[in-house]
Structure formats: structure tokens, C-alpha cells
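S.K.: Have a look at this one before I ask anything.
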Amino acid sequence: MKTAFVTGSSRGIGKAIALRLASDGFKVILHGVTESNHIKALKDEIEKNGGTAEIITADLCNLEATKKLAKKLTDVDVLVLNASVQYRTPWQEITTDACYDQLNCNFVSSMVLIQAVVSHMKENGWGRIVTIGSVQEAKPHPDMLVYSASKAAQTNMMQSLSLQLAKEGITVNNVAPGVIYTDRNVAALSDPEYAKKVTDSIPVGFYGEPKDCSGIVSLLCSEEGRYITGQSIYVDGGKSVQ
């Protein structure tokens, strides 16, 4: 049984991906900042459906915590880098602390975790790495300057690594969601005026759901996805091409 590690998997997109990979037959390592009731319930759900799961915790904004976590990842075959931090702030008001939080979680921790798992993948001649980016790589939100920049940096790293790891049997890809209705967006989308403005900007005319992102991740992590690497795939209802 191959092992998949999904960061930020207690809710939203990460949860949907973890459930899908568990149904695909992977042992899934779930991750959250703490061992919350949400992540415990997800582990129970996976096991109730015949899957295998364990929980690991770390604050990926803290590089020392990330490095300690990395040392525990000795047999990961699939790495899905979903965890991220997003602050809405006018660019003139961004503090250095807020900047470092987002860069550490959204980019630096991704690099550290990839460094940790690649040796095992190389030994087996097989591995899958999927970064979860954002439509903001193409359409940056004016109040999320660091978030959009950090996601673009992560995707640039993905493209570089895809070339360096291709001959090792390791694929590296990015999935970039658009507006997905998760806990992160509930407050903003509860304003009818803002919600209409958002949906008007999406060609298909509606928000996505977390499960809309899990199918493409499943493909990229499968044997069927072996010929796909170095790609950034938008799951955004067409928003990135408007």
C-alpha cells in the first residue's frame, strides 16, 4: 500500500483530496496545525469506509516545526501540498510578520517537505508531488499580494523540480483552484453584493466545491497520470482565462 501525505487536510479542499486518495487505496497521512475534532472525524470517516489513516500535526508557518515534521516523513509516495495561509490586507498595510507567515507556509514549507520525501521516491523509482496553487497566480487579488505571489513562487518551483525529477519516475504538478466554497470563503461570500460580483466573474456562473479539485489530484497521483508533469491545471470555472 502506497502512502499519501496531504497537508492542511482537516477541512475544505484538503479534506476532499484526502477522502479521494483514501478511496483510491492509499494510506493517508492527515495533517493539521492541531489534532482538532475535524481531523479526528476525518480519520474516523476514512477508517469507517475501509481506509487507513493517521494524523500528524505541525504549524507550517513555523520553519522549525516544519523541519521536525519533515524528519517523520520516511515513506511518503505521494505528497499533496495543500496547506496555506491567506491574509486580506491592502498592500501598503502588510506587516513583515504577515508576509513571513504566508511565505513560510505557502512556499518555504513546500520546499522543505519535498526535500524530505524525494529520497524515498527516488529509491522506488516512483513518486507523485502535487502543489495546490490558486487562480490568483493568473488573477491576483489586490488585497492578497503576498498570497498570490507565494502561490506563483510555488508553481515556479514545481516547474523547475518537474524537470529535475522526471527521470526518477517522479511527476510534479500544480492544481490551481478558483473560487471554491470552503470555510475560508464563507464570510466574504455571505455578502450578497460581493457574492454576485464574484459569480459574475466566473464564466460557468457558480462557485466550485472541494470535491471539484479532488478528481484531478487523484488522476495526477495515479499510474494513469504518469505522462503528466510540470503542468499547472486550473480548476476555476474558466476564471483564469477571462
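The values are calculated or read from the model by the stated rules, or taken from the named source; none is laboratory data. Everything quoted here is computed from the prediction, not taken from an experiment. Neighbour counts run over all protein chains shown; Cβ positions are idealised from the backbone, glycine included.
S.K.: Output the number of residues of the range 169-203 satisfying the condition of being of a type in the set (A, V, I, L, M) and at pLDDT 90 or above. Walk me through it before giving the result.
M.R.: Just the residues of the range 169-203 that are of a type in the set (A, V, I, L, M), to begin with: 170, 172, 175-176, 179-180, 186-189, 195, 198, 202.
Filter once more, so that each one left must be at pLDDT 90 or above: 170, 172, 175-176, 179-180, 202.
Residues in the range 169-203 being of a type in the set (A, V, I, L, M) and at pLDDT 90 or above: 7 in total.
S.K.: Among the residues of the range 212-242, count how many are more than 18 Å from Ser134 (Cα to Cα) and buried (at least 21 other Cβ atoms within 10 Å of the Cβ).
M.R.: Total satisfying the criteria: 1.
S.K.: What's the total number of residues in the range 205-242 that are in contact with a helix residue (DSSP H, G or I) (Cβ under 8 Å, 6 or more places away or on another chain), within 26 Å of Leu161 (Cα to Cα) and aromatic (Phe, Trp, Tyr)?
M.R.: Total satisfying the criteria: 1.
S.K.: Do we find a residue being hydrophobic (A, V, I, L, M, F, W, C), over 19 Å from Val6 (Cα atoms) and at pLDDT below 95 anywhere in the range 136-144?
M.R.: yes
S.K.: Among the residues of the range 136-170, what is the count of those that are touching a Ser or Thr at 6+ places or on another chain (Cβ under 6 Å) and of a type in the set (Ser, Thr, Tyr)?
M.R.: 2
S.K.: May I pose another question? What are the residue pairs meeting all of these: first residue in the range 10-24, first residue at positive phi and in contact (Cβ under 8 Å) with a residue 24 or more places away in the chain, second residue in a helix (DSSP H, G or I) and of a type in the set (Lys, Arg), Cβ atoms under 7 Å, and 6 or more apart or on different chains?
M.R.: Gly12/Arg184
Yes/no matrix, rows are residues, columns are (1) under 24 Å from Cys213 (Cα atoms); (2) not basic (Lys, Arg):
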{"site": "His38", "(1), (2)": "yes, yes"}
{"site": "Leu42", "(1), (2)": "yes, yes"}
{"site": "Glu54", "(1), (2)": "yes, yes"}
{"site": "Asp59", "(1), (2)": "yes, yes"}
{"site": "Asp75", "(1), (2)": "no, yes"}
{"site": "Ala83", "(1), (2)": "yes, yes"}
{"site": "Arg88", "(1), (2)": "yes, no"}
{"site": "Trp91", "(1), (2)": "no, yes"}
{"site": "Ser110", "(1), (2)": "yes, yes"}
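S.K.: Pick from the range 123-179 the residues that are out of contact with any Phe, Trp or Tyr (no Cβ under 9 Å at 6 or more places or on another chain) and β-branched (Val, Ile, Thr): which of them is nearest to Ala16 (Cα to Cα)?
M.R.: Going through the qualifying residues, I end up with Ile132.
For (1) in a loop (DSSP other than H, G, I, E, B); (2) under 20 Å from Val217 (Cα atoms); (3) free of Cβ contacts under 8 Å to residues at least 40 places away in the same chain, each residue gets a yes or a no:
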{"site": "Ala116", "(1), (2), (3)": "no, no, no"}
{"site": "Met121", "(1), (2), (3)": "no, yes, no"}
{"site": "Val130", "(1), (2), (3)": "no, yes, no"}
{"site": "Gln136", "(1), (2), (3)": "no, yes, yes"}
{"site": "Pro142", "(1), (2), (3)": "yes, no, no"}
{"site": "Val146", "(1), (2), (3)": "no, no, no"}
{"site": "Ala149", "(1), (2), (3)": "no, no, yes"}
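Here's the yes/no breakdown for (1) of a type outside the set (Lys, Arg); (2) out of contact with any strand residue (DSSP E or B) (no Cβ under 8 Å at 6 or more places or on another chain); (3) in contact (Cβ under 8 Å) with a residue 60 or more places away in the chain:
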| position | (1), (2), (3) |
| --- | --- |
| Ser162 | yes, no, yes |
| Asp191 | yes, yes, no |
| Lys196 | no, yes, no |
| Ser218 | yes, yes, yes |
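S.K.: Among the residues of the range 169-182, is any assigned to a helix (DSSP H, G or I) and surrounded by 15 or more Cβ atoms within 10 Å (Cβ to Cβ)?
M.R.: Scanning the range 169-182, I find no residue that is assigned to a helix (DSSP H, G or I) and surrounded by 15 or more Cβ atoms within 10 Å (Cβ to Cβ), so the answer is no.
S.K.: Restricting attention to the range 107-136, which residues are more than 16 Å from Ala176 (Cα to Cα), hydroxyl-bearing (Ser, Thr, Tyr) and within 15 Å of the chain's Cα centre (by Cα)?
M.R.: Matches in the range 107-136: Ser109 only.
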